[in-house]
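Participant: Structure below; questions to follow.
The values are calculated or read from the model by the stated rules, or taken from the named source; none is laboratory data. What you are looking at is a predicted structure, and each value in this text was computed from that prediction instead of being measured. Counting neighbours? That spans all protein chains shown, and the Cβs are built from the backbone with ideal geometry, glycine included. These area figures cover heavy atoms from the full protein model, side chains too; ligands, DNA and RNA do not enter into them. Shrake-Rupley method; radii C 1.70, N 1.55, O 1.52, S 1.80 Å.
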Amino acid sequence: MKRALALLVIGLLGVLAWTAPSPPPPEAVAPMTTTTVPELETAAGFSSCPWAVASDDEETYFGLVTLPPNAVLLSFPLSGDVRATVEEALPGPGATSVRLGQSLAQGLAPATIEFSNAPAASNALVTGPARLAGTICPSSTPKVWHLPGGSTEAGNQLILQLYNPFSEDANVTVTAYSDLGPEPAPELEALRVSARSWRSFDLHNEFPAREMLGMVVEASQGNVVPALIMDVEAAGEAIWPGLGQAEIWELPVVRIGGLQSEVIVANDGTDPVTYEVDLISEEGTEFAVATRSVDPLTQDRVPLVDLAEGTFGVRVRADGPVAVLARARGQKGFAVVPGAAVAAPQWLLPGFGTHPDASYQAWIINPDASSLTVTLSTVSASGPGAAPDKVAVPAEAIRSVTVDRLQMFGLLAEAPGPFSIAWSAELPDGGVAFVEAVPVLTRSPAGSQP
Amino acid sequence: MSVIQRPSDAPPTELTVAAVLRAVDGRHLAAALEALAAQGYELAATYVVGGPDEARRLAEERDAAWLPTQSDVIAAIGDEVSHVWFLHEDALPQPDALAALAAELARVDASVAGSKVIKPGSQRQLESVGSATDVLAHPYLGLEVDEVDQGQHDIVRDVSFVSGVSLLARRDLLKGLGGPDPIMAPEAAAIDLCWRARASGGRVVIVPSSEVIHAGEIRDGVPRWREQAGRVRVMLKNYSLLTLAWVVIAAFFVELGTSVVRTFFDRRLGLVDLARAWIWNLVHFPSVISARSKLRRARAVGDEEQFRYQVRGSVELQETGGLITNRLRRSAEDRQVLPADPAQAGQLAGPPYIGALVVGSLFLIASTWSILVNGVPVVGFTLPVSDSAGVTFDSWAGGWNPAGLGSAQPLHPAVAATALLNALLLSSSLATTAITVAAVGAALFGTTRVLWRLGAAPFSRYAAGAAVAAGPAAVGLTSAGYWPGLLAVAAAPWALAALLSPWPSSWRKRLGWGATATLLIGLMAAFAPLAAPIPFLALVGWALFGPGRWRSVAHAILPTILALFLLHPWLTTVSTAQLLGDGVFEFWEPSVMLMAALAGAVLITILIGDVWAAGLAAAGGVLVATGTVLARATQAGAGRELAVAGLVAAALGSGLAVGAALESPRRLETARLWRKLLAWTAAVGGLLLIGSALLVVPDGRIGLPEDQLGDRLAFTVNRADPHGPDRILLVGPTGTLPGEYRNGPGFTYRVVSAPVPPLDEAWLHDPLPGDEALAGTLERLMTEDEVRPGEALAPFGIRWVVLTGRTPFDAAMASQLDLRPLSLPGYRVFENELPSPRAVSGEEAWERVGTGYEGSVTGRRVYVAENADARWEPDRSASGWANEVSAALGSARFGGATELRNIALATAAYAVALVVVALFGRAWRRE
């Protein structure tokens, strides 16, 4: 009896133990080296400007815009040390401009900009004789950056700038692809960019006479903030940062004046991607004016000259992740601007109004099916301007607004619903810049899926 | 050496001998004087030295001269005397003793000759037949205990020294050397005299044909420490400086080591004696210098001549080793608790026992060789015990809990228990290693004790011990890095053995029995609180399924309950839900093959074993099955303590089951063949489980994982600022961090003290404001809104960030501005570029002392990066989540949690009372 009881008890407990569910395996750590989702650029507390120059004939204006009151620290590292710093205090909202030449006129001087509070954003506007180039200073630091839209055709100079503002040395591999296909470049593999320093590569030396040149910058250790700087003879200079990838992109500004524009769609994935181009005019959206596909590691150019006239923007819808930007070229100048991968109800436009001689336009796309009123507030070091502009944007249409105010260093754009916005600046004696805006979003933790 | 010759055969001698009787209390003096008078060899004179007035009176009556001290002897004896015969008062020389001595001394041309000393009584037990010493002047008699004289030592030979009970020496030599050292104890004095005689070129021989009956032991009435002191003095006086340089150091450490060990056996005041002996030598050191000077003038040979008559090694060490072995053996032979079965009783001693003991010891060494060589790895809950047991006790007793950012919550009882063990080991740097190895040994030998109490044979006992110490369940604990679990496994069989020991007949003995059982259960529960009822449950199983008695079960209830009080003050602050559900423990997935082998062994033994084996297998099987359920109940909400208790139960149960399976064939010798065959099959199953214990041998870490932190965090020592190492933030995947951890978005993290967190910091407290602030900071770092982590972490006293594996947090470290990456092997390490002291006053970083801080006395305030608590002193105010105190005293301390302190003190008093009662009960049992 005792034996039977013992066997019964042990048997029951044994079955219970045997059938006890094991815990689920720990979640795999998200890979750190590749990403297929866009690292959304958003207003944050930190940004890096990989390209800023101050010399006898060049100057850089750093545009700073903040929503909350902010203490701002600009630092200019060189070879591991910080050689100069500039501190600013801003009200909330507030904006200002810092001229590089006032602090450091020693040529190339990439900058690190820290805000004590977020959201805030910055940009760099580089000017020279008959030239104007601007771009935002990225706040995101993905491991993989996509830089399409380059060219090393005769008369073009293309520089890849790798800026490491951080305290850890970065190991970086640069992959290039052109109209000739993938471009092997052993000298760009396993690059080391020391902490708080940068490296510049003249891509004409590596890849001469390429009509279309794209790059992918991947960090295996540390991080860099890359940018492409393209100087087109007799046209001007453009700067654009690394992009993420997305399936939908909106390009509010693609053309001003008589510039010849094109949209560049880059696919540096492994599968072909089919995409459609929507044309967004002041009257509305014309869907799928072009349907095309782009092969892996290639770029496709969609000339806009035959598609539309007047004020218009572009939306690209793809069935796979692509990086999209607009490029414009003409007698007035040369400009490149990345698309906006997200629509948001609030945007910061740092640097808007920074150059005293330039004229400025804001370009707004309302992707929604109902009309939208966008409030544009100029901001300066003393706070927001007195009378904001109200811009009614019809459903699925675009509007451009010329904002002409004195003493403004940035623009705030707000609306009840999501929209996309970019801006352009034009110098009277030549020089055009297309500049992206920075959405105000809640940032997801690094490594998580947004 | 020469063959003994009887006096009658000896050539005539011309020695003129004076006898010197050393009187002590005068009780034996008359008999000694009579024995001298009866000598066949004529004495030129007789002297009595020392003693009471009675001795003087007796001396005068018998025409003997009386001298007050031994130092007067040499001067008093005239030149006509050629030799002096020294005798103890209680020595009774045979009538031909002197004649034999004189004849042999003259024949072999010796300087010193001694008699064979025999204990009184008809059995002629030998006390001394000349002796060797070791190099430390410790005598080696070379006699068995109570060895009877059968003439086996009757040969005249050179020896290291002869007994001072009866010693004949040349007078001129004595005069040159200054005679026997009057301040030395008798045995040491004899050694000293003989060594000096040999150093002067003389021979020292034993003359067995000269017999002396000695009424007392030579050491009678002399404190042990005096002989100990004398031996040191012998070395100081006789050895050359070159030899002294090492021999004195060796002597000290040998004496220290053996004194510590023998404190627990036969010398309760061993360490006190040691101190006395060395102080005595310090006091008398000036006389050593004059004695050395005297010997230098007479010296004819070097130390090597002494070495010829010395045994190798240390006699003291050998004696201590023998003592331990004998104690173990005696314990096994304790007839009071022998099984009733005479057939079993016969197996408790003799070769099988010794063989099993040796194999068990070899297994202990093999399973822990890496720990012995490299130390205990630092991983998980396997953390070194604190450098200072005192600091840990202070934290335990209502002081500051140093884990994480600190708290006033009490320490886990495992910390207090290990601190107690650490204190017993004098807070040695090897304490963690010693405790670990001792734990494995305790598990091994504790299981043998349980099975011995139950009546198993030696092989089964030791084999089962291996199954407990290194079987799948124990390895389940160690492979998860849960070191306290190993200690619980070690204590569990001892707790069960205590409950299995016979119920005493008197109340005093019962009190001792109960206190012992309570202490052992409490010790086990300190390491695994929920394991407290396991020994009781084992008894229930033994009574329910086997021949165990329910009365024993009833006796076990009270100690089990009383043991829980030893877990205070921790137990007062932990809720039942926390106890059962808090913490994470690795899901136990033992080898299916091994568990099948164990299940088969249990099943077969229950079915075909005799009542004993079946009952034990059933009790063990139920424990294993219950423990396995608990250890695999993670998804049902079981926390760490429950899982650990389950594995402790499974470990103990597997030992019982394996013991039963191995024992079963022996108990079925008269059974039918098929039953025997099945029993052997079950035994093979048990052996498979034991074989699995050998899997821990290659790594030599008893299953503990490789060191993950010890070496990799050592860099912090060199990179620390003068005020000492600050904190480390460890970030990594689950399972890579020491002790408990907190969860961040996609990673786990915890803050520890550099360089290596002690066990005190293993268990984290509930999150406090500082912990929440740190969590918020880390979250901000993850969203990249914070690019200056160094600046953000400095207020927490965090100097280093160590990434122990890949997590999303890596991205935050790749995009930051003020943490400098260090090029170190192993983990990715970042160092704060900003000063990050744990306590700072103005620009001055304060040094961490214990759980507080010390610095300069100033009128400023001190920022203390510990979780805010109003009891910090002096003059504390809040500084966000942290504290700020006055620097006026030059120290910042936690004032203490009064209620917890009182509970802790009451617990300590309770534990001490239990120890006293247990000792009282044991002493009574011996009577």
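Participant: Pull up the range A:96-115, narrow it to residues that are open to solvent by 30 Å² or more (accessible area, probe 1.4 Å) and over 16 Å from A:T135 (Cβ atoms), then point me to the one that is nearest to the other protein chains (Cβ to nearest Cβ).
Facilitator: A:S103
The rows are residues; the columns are (1) under 30 Å from A:F419 (Cα atoms); (2) under 19 Å from the mean Cα position of the chain (by Cα); (3) surrounded by 24 or more Cβ atoms within 10 Å (Cβ to Cβ).
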site	(1), (2), (3)
A:T135	yes, yes, yes
A:P165	no, yes, yes
A:T173	no, no, no
A:L213	no, yes, yes
A:A238	yes, yes, yes
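Participant: Does B:E706 count as open to solvent by 20 Å² or more (accessible area, probe 1.4 Å), touching a residue at least 12 places away in the same chain (Cβ under 8 Å), in contact with a Phe, Trp or Tyr (Cβ under 6 Å, 6 or more places away or on another chain) and over 29 Å from A:S139 (Cα atoms)?
Facilitator: Spelling it out, it is not the case that B:E706 is open to solvent by 20 Å² or more (accessible area, probe 1.4 Å), touching a residue at least 12 places away in the same chain (Cβ under 8 Å), in contact with a Phe, Trp or Tyr (Cβ under 6 Å, 6 or more places away or on another chain) and over 29 Å from A:S139 (Cα atoms).
Participant: Criterion first (at negative phi, of a type in the set (A, V, I, L, M) and within 14 Å of chain A (Cβ to nearest Cβ)) does B:I606 satisfy it?
Facilitator: yes
Participant: Within the range A:143-160, is even one residue part of a strand (DSSP E or B) and within 14 Å of chain B (Cβ to nearest Cβ)?
Facilitator: Checked against the condition, which is being part of a strand (DSSP E or B) and within 14 Å of chain B (Cβ to nearest Cβ), the range A:143-160 yields at least one hit.
Participant: What's the total number of residues in the range B:871-912 that are open to solvent by less than 80 Å² (accessible area, probe 1.4 Å), of a type in the set (A, V, I, L, M) and free of Cβ contacts under 8 Å to residues at least 12 places away in the same chain?
Facilitator: 2
Participant: Collect the residues in the range B:709-738 that are surrounded by fewer than 21 Cβ atoms within 10 Å (Cβ to Cβ), β-branched (V, I, T) and away from chain A (no Cβ under 14 Å), keeping them in residue-number order.
Facilitator: Scanning the range B:709-738 gives a single hit, B:V717.
Per-residue answers, yes or no, for (1) assigned to a loop (DSSP other than H, G, I, E, B); (2) within 26 Å of A:G181 (Cβ to Cβ); (3) among the aliphatic types (A, V, I, L, M):
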position: A:R255; (1), (2), (3): yes, no, no
position: A:D271; (1), (2), (3): yes, yes, no
position: A:V277; (1), (2), (3): no, yes, yes
position: A:A288; (1), (2), (3): no, no, yes
position: A:T291; (1), (2), (3): no, yes, no
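Participant: Within the range B:529-541, is there a residue that is within 14 Å of chain A (Cβ to nearest Cβ) and open to solvent by 30 Å² or more (accessible area, probe 1.4 Å)?
Facilitator: The answer is yes, given that some residue of the range B:529-541 is within 14 Å of chain A (Cβ to nearest Cβ) and open to solvent by 30 Å² or more (accessible area, probe 1.4 Å).
Participant: So which of B:S367, B:S331, B:S361, B:S395 is modelled with pLDDT under 60 and either in contact with a strand residue (DSSP E or B) (Cβ under 9 Å, 6 or more places away or on another chain) or farther than 20 Å from B:V415 by Cβ (or both)?
Facilitator: Within the list B:S367, B:S331, B:S361, B:S395, the selection yields B:S331.
Participant: Please verify whether the range A:294-304 includes one or more residues that are open to solvent by less than 30 Å² (accessible area, probe 1.4 Å), aliphatic (A, V, I, L, M) and either at positive phi or not in a strand (DSSP E or B) (or both).
Facilitator: Checked against the condition, which is being open to solvent by less than 30 Å² (accessible area, probe 1.4 Å), aliphatic (A, V, I, L, M) and either at positive phi or not in a strand (DSSP E or B) (or both), the range A:294-304 yields at least one hit.
Participant: Condition check: away from chain B (no Cβ under 14 Å) and part of a strand (DSSP E or B). Does A:A176 satisfy that?
Facilitator: yes
Participant: Now for a separate question. With the range B:20-106 as the region, which helices (runs of 4 or more DSSP H) entirely inside it contain at least 1 residues that are under 21 Å from B:K119 (Cα atoms)?
Facilitator: B:29-37
Participant: Run down B:A497, B:A434 and say which single residue is open to solvent by less than 10 Å² (accessible area, probe 1.4 Å) and either polar (S, T, N, Q) or under 23 Å from the mean Cα position of the chain (by Cα) (or both).
Facilitator: It is B:A497.
Participant: Looking for whichever is among the charged types (D, E, K, R), at pLDDT below 95 and either closer than 21 Å to A:G333 by Cα or assigned to a strand (DSSP E or B) (or both) here; the options are A:E283, A:E211. Which one fits?
Facilitator: Result of the check over A:E283, A:E211: A:E211.
Participant: How many residues, within the range A:120-142, are within 14 Å of chain B (Cβ to nearest Cβ) and closer than 22 Å to A:L411 by Cα?
Facilitator: 7
Participant: Please verify whether B:A814 is more than 44 Å from the chain's Cα centre (by Cα) and of a type in the set (A, V, I, L, M, F, W, C), treating the condition exactly as stated.
Facilitator: yes
Participant: Among residues belonging to the range B:612-640 that are facing chain A (nearest Cβ under 9 Å) and modelled with pLDDT under 90, point out the one that is least open to solvent (accessible area, probe 1.4 Å).
Facilitator: Filtering first and then ranking leaves B:T634.
Participant: Checking the condition under 16 Å from B:P413 (Cβ atoms) and touching a Ser or Thr at 6+ places or on another chain (Cβ under 8 Å), which residue from B:A617, B:A563, B:A531 passes?
Facilitator: B:A563
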